[in-house]
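One structure is given here, and the rest of the page talks about it.
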Amino acid sequence: MDQVIIFDTTLRDGEQSPGCSMNVREKIEVARCLEKMKVDVMEAGFAISSPADFESVRAISQAVKECTVASLARANTRDIDAAWEAVRVAADPRIHLFIATSPLHMEAKLKMTPEEVLAAARDMTAYAKKYCSNIEFSAEDATRSDWDFLVRVVDAAIRAGATTVNIPDTVGYTTPAEMQKLIEYLRANVPDSDKAVFSVHCHNDLGLATANSLAGVMGGARQIECTVNGLGERAGNTALEEVVMAMRTRPAIYPYSTRIDSTQISPASRMVYSIIGQRAPLNKAIVGRNAFAHEAGIHQHGVLANKQTYEILTPESLGIVTDNIVLGKHSGKHALDQRLRDLGFTLSKEELQQCFEAFKVLCDRKKNITDDDLAALASQHTAGQDTRDDGGYQLDWFAVYTSNFTTATCTVSLIRDGVKYEEVCRGDGPIDAAFKAIDKIVKPVEHSFDIYDIHSVSEGKDTLGAVTLRLTSGGKNYNGKGLSTDVMEASIVAYIRAMNKLCAATRKGESAS
């Protein structure tokens, strides 16, 4: 009873948040990292939401062998059928179905009466049970639901075959005291509560997700649903690293254990941030850049005397590399491979060769190569981000002229299928000019430009610039990422990659019609 199941939904709830979408190869890379970290359950996606999501859930189900793989489904037969088809190849498949139970959601969203919701929860749980024994039922917006109605719904789901019952704080509304009391109330009043594992899924809208999840465990829940780095809708979800390390650091208060290998926390965090083109906030708990930094003189004196004066965790316990090996232009492929493995990246021979070549180029441009630089390079190649994999345009060269008293001009040369294309355009700035030149070559379908984000990967004026952008066309998003010490080059590469994806989708649509 002191074992807490860690249900990771980075690939579903985390991935569906704005700016965090991943392609199939990226999801598989994250899935392998989660498996290495020993999560108990990973929610691979929402199979019915799109053909791409279905394929990614199925691919993850095939790749993962050491933990349960789940797919989300609404409480209807189409969703459940799709979920099962996607996860049936998994070593331990789970169907995770949900329906809203709060008065607001039932009336405004579902247009269903409480009795209709109760019947759907019962009948659809029983329908899912015919496919597999591992069934999770979630009462969406549970913390704003009537407790007695919630008792009836949970009881019906358990009687119909649910082996896990999830009580989500869908909009991050509840407080720790309320969450603990709710779980205690349900366990005391649901007749067959001992036949299912109770779970909590908390959002962070009020900054209470971690506290609420731990309170739920103290109330009797034995599964926490969370994400790496706390990614998720709006303000995010419970952060896996926070609940795991809270229980591990304060066992007298939280006498519970997990299977998680904490030395894989930092590599997983770094990989996820790198794939989505973001970086940890400086003050992010557990994995932030300042988590083990001490600037105040009194703190520095204390840490030098005894680290425990101001550090309750050790970098080593999280898998933070603390050795003094410095990688540079004279380093070999073996040393690079080992450092990348320490950071959580496992590359194939071909990927390692491509990454090594990019590493050598970077060494000529940059004096000091950091772990953040290496993680950014590795994510480009393990996730199939190299433009050669897109089967579309590649950057040949570009030239830009700009000043504060003239209109920016950019000439771009692209290659596709061995043919070179060149265009020159003026723009409001060098980026605008470059993108207009690319548009003249590619001639894409109508689209909107939704996101353009640029950040430095590490410190210093010679840092790598990471650019992430998003195009939207026909209700679908197409992301592109670029990485270079030259932010113009990173921007152009990111735009080309997004354009290649958009054009590939357009060609498929034309052939289908």
Is at least one residue of the range 251-258 buried (at least 24 other Cβ atoms within 10 Å of the Cβ) and either of a type in the set (Gly, Ala, Ser) or not assigned by TED's automatic domain parsing to the domain that holds residue 179 (or both)?
no
Examine the range 144-157 for a residue that is modelled with pLDDT of 95 or more, closer than 24 Å to residue 57 by Cβ and outside any helix (DSSP H, G or I), and state whether such a residue exists.
no
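For (1) within 16 Å of the chain's Cα centre (by Cα); (2) more than 23 Å from residue 197 (Cα to Cα); (3) buried (at least 24 other Cβ atoms within 10 Å of the Cβ), each residue gets a yes or a no:
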site	(1), (2), (3)
9	yes, no, yes
22	yes, yes, no
30	yes, yes, yes
37	yes, no, yes
49	no, yes, no
59	no, yes, no
63	no, yes, no
73	no, no, yes
78	no, yes, no
Which residue out of 85, 66 is out of contact with any Asp or Glu (no Cβ under 6 Å at 6 or more places or on another chain) and either under 18 Å from residue 9 (Cα atoms) or assigned to a helix (DSSP H, G or I) (or both)?
85
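Residues checked against (1) touching a residue at least 12 places away in the same chain (Cβ under 8 Å); (2) of a type in the set (A, V, I, L, M, F, W, C); (3) surrounded by fewer than 18 Cβ atoms within 10 Å (Cβ to Cβ):
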| site | (1), (2), (3) |
| --- | --- |
| 85 | yes, no, yes |
| 89 | yes, yes, yes |
| 109 | no, no, yes |
| 117 | yes, yes, no |
Residue check for residue 408: assigned to a helix (DSSP H, G or I), over 30 Å from the mean Cα position of the chain (by Cα) and within 28 Å of residue 366 (Cβ to Cβ)
no
Reported set for the range 379-400 where residues are within 11 Å of residue 483 (Cα to Cα) and at pLDDT 65 or above is 379, 380
Can you go through 283, 306 and tell me which one is over 16 Å from residue 375 (Cα atoms) and either modelled with pLDDT of 75 or more or buried (at least 17 other Cβ atoms within 10 Å of the Cβ) (or both)?
283
I'd like the full set of residues that are farther than 23 Å from residue 27 by Cβ, at pLDDT below 85 and either among the basic types (Lys, Arg) or under 23 Å from the mean Cα position of the chain (by Cα) (or both), limited to the range 318-357.
318, 320, 321, 329, 339
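The values are calculated or read from the model by the stated rules, or taken from the named source; none is laboratory data. This structure is a prediction, so every number in the text was calculated from the model and none was measured. Backbone-built Cβ (ideal geometry, glycine too); neighbour counts: all protein chains shown.
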